[in-house]
1. Out of (1) buried (at least 24 other Cβ atoms within 10 Å of the Cβ); (2) closer than 23 Å to Ser111 by Cβ, the odd one out for Arg159 is which?
2. In the list Phe149, Phe202, which residue meets the criterion of being touching a residue at least 24 places away in the same chain (Cβ under 8 Å), over 20 Å from His91 (Cα atoms), near ligand 1 (Cβ under 10 Å from one of its atoms) and not small (Gly, Ala, Ser)?
3. Does any residue of the range 178-188 turn out to be over 20 Å from Leu136 (Cβ atoms) and in contact with a helix residue (DSSP H, G or I) (Cβ under 8 Å, 6 or more places away or on another chain)?
4. Pull up the range 192-208, narrow it to residues that are farther than 16 Å from Val4 by Cα and of a type in the set (Gly, Ala, Ser), then point me to the one that is surrounded by the fewest Cβ atoms within 10 Å (Cβ to Cβ).
5. Residue by residue through the range 22-61, note down the ones that are in contact with a Pro (Cβ under 6 Å, 6 or more places away or on another chain) and closer than 27 Å to Val4 by Cα.
6. Mind checking whether some residue in the range 13-31 is within 15 Å of ligand 2 (Cβ to nearest atom), over 14 Å from the mean Cα position of the chain (by Cα) and part of a loop (DSSP other than H, G, I, E, B)?
7. Based on what the data block shows, is Val52 surrounded by 15 or more Cβ atoms within 10 Å (Cβ to Cβ), more than 11 Å from ligand 1 (Cβ to nearest atom) and either among the β-branched types (Val, Ile, Thr) or more than 16 Å from Leu116 (Cα to Cα) (or both)?
8. Could you tell me whether any residue of the range 103-111 is assigned to a loop (DSSP other than H, G, I, E, B) and under 17 Å from the mean Cα position of the chain (by Cα)?
Amino acid sequence: MSTVRIAPSVLSADFARLGDEVAMLEQAGADWIHVDVMDGRFVPNLTFGAKVIETLRRRTALPLDVHLMVVEPERYFDDFAAAGATGMTIHVEVAPHLNRQLARIRELGCSAGVALNPSTSLSAVEEVLRDLDLLLVMSVNPGFGGQSFIEGSLDKIARARQRLDAARSGATLQVDGGINRDTIGSVWRAGADTFVAGHAVFSASDPSAEIAMLRSRCAHEA
Ligand code: DX5
Ligand code: ZN
């Protein structure tokens, strides 16, 4: 069976207790911590920057998977890498020099990822498939947690899996948005291996049990 990674998003955490929340996620069996950076320009919402990444880094040994929903993402690469980001994922819609930007992320010692909005074609990453450590297929329009999974994403995820395999890419295939115990099985069957979950984990009375449930939904449907 292929690896299943659960990456809870701290976007749905209680920000007044952020350090404790991330320590709780680690205890609860999370594989990665997903950090949603929003600039109020690429997406309507605003979240956090390097200072928060640094704070999270001090509270967990887990990989920090930083999702940059920002225009001109390259302006933040150095600071985020220094703050302790493990990987940085940028949106192709605002990355006209993708090849150079991905190379820079790797130069800084981080994994390099590219994200696609629901309406963005997979062809936008065709030329960089071999330069990617991670491909993120958004299954909601980015900007907010707690939205519903867009069903049409399943076909796109399956096509993304085929393209990565055809390119002999070992990149992670991540899906973000509306992942919960009802949606994760079909996303896993479509070929994804890494699942961001914000609302599902943080609204659960027992986040640890919820993470285990999400993982088991993949395993049981093998
Ligand atoms: C959406 C963010 C997601 C979000 C997912 O803009 O990129 O990471 O937190 O949240 P849920 O799991 O609640 O859809
Ligand atoms: Zn995200």
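Quick note: the coordinates plus some simple rules give every number you see, no bench work behind them. Bear in mind the structure is a predicted one, so any value in this text is a computation, not a measurement. When we count neighbours, we look across all protein chains shown, and the Cβ atoms used for this are built from the backbone with ideal geometry, even at glycine.
1. So the condition that Arg159 fails would be (1).
2. The unique qualifying residue is Phe202.
3. Scanning the range 178-188, I find at least one residue that is over 20 Å from Leu136 (Cβ atoms) and in contact with a helix residue (DSSP H, G or I) (Cβ under 8 Å, 6 or more places away or on another chain), so the answer is yes.
4. Checked the range 192-208; the qualifying residue surrounded by the fewest Cβ atoms within 10 Å (Cβ to Cβ) is Ser205.
5. Leu25, Ala28, Ala30, Trp32, listed by residue number.
6. yes
7. The answer is yes for Val52.
8. Within the range 103-111, one or more residues are assigned to a loop (DSSP other than H, G, I, E, B) and under 17 Å from the mean Cα position of the chain (by Cα).
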